[in-house]
Every structure is written in C-alpha cells, then in structure tokens.
Amino acid sequence: MQRTTISLSILLLATAPAVTLAGTHSHDMNRAEMHASARSHSGQGVVNKVDLQSNKVNLTHGPIPSLGWPGMTMGFKVKDTAVLQGIKPGQRVTFEVVNEGPKQYFLTRITPQK
Ligand SMILES: [Cu+2]
C-alpha cells in the first residue's frame, strides 16, 4: 500500500510541470496575436497621389472602425517605398495601416483591387 502511494506521487510530480509549461506557452501566443491585431488596421480607398520622393501617399479612404475613423482624404507615410511599387493615382486599393504613436500612421501594405 505504501509503495503504491509513493509511485503515484512521483507520477503526479512528473506530469505537473509539463502541463504548466504548455498552458503558459499558449497564453503568451494569444497575447502576441492580440497585440498584432490591435496595431494593424485594414481599410479601402482610392489613391490620389503617390510621392516616392518623400515616402508619402494620399488616399481617400472609407471608414476604418478599428481606428474610430470616418472616411476622409489624407496622407499616409510608408517606411519603405517598395510598399508603393506599382501604385498609381485613380486605383482602388485595400491597405493596412499601423499606429506607432500619436499621429504616427504608416501604411505597411497597399494592394490594388481587381
Ligand atoms: Cu484618414
């Protein structure tokens, strides 16, 4: 009887850490996903002007509920002009915008609609 109790305790000790680690890991992954979706916002609009010299693009975009924005015409910056490759005035586009601080909005993706 004594022997059975001891081997059961060892079994529990051996399994417990594995369960805890698995739980922690999936929690961290969920947190990372929440941060990503909170920072990247999708929108649709029409291109007015592309300025490759100053890394800017002017869009008339529809409402972006995740930012609390109504539709408007405004300029966005890009960090890399590669994002603006093949983008021309008059195109209907979908785009992704990230907010990196007060009035710091950058387009990370802009794709013509077919
Ligand atoms: Cu806007």
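Below is a table of values for the structure above.
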read-out: Residue that is farthest from the ligand (Cβ to nearest atom) [pool: residues in the range 58-114 that are open to solvent by 80 Å² or more (accessible area, probe 1.4 Å) and of a type in the set (Asp, Glu)]; value: Asp80
read-out: Qualifying residue in the range 31-52 (condition: in a loop (DSSP other than H, G, I, E, B), at pLDDT 90 or above and over 25 Å from Lys114 (Cβ atoms)); value: no
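The values are calculated or read from the model by the stated rules, or taken from the named source; none is laboratory data. Since we're looking at a predicted model, the values are computed, not measured. Ideal geometry is used to build each Cβ from the backbone, glycine not excepted, and the neighbour counts take in all protein chains shown. These accessible areas exclude ligands, DNA and RNA; they are computed on the full protein's heavy atoms, side chains included. Shrake-Rupley method; radii C 1.70, N 1.55, O 1.52, S 1.80 Å.
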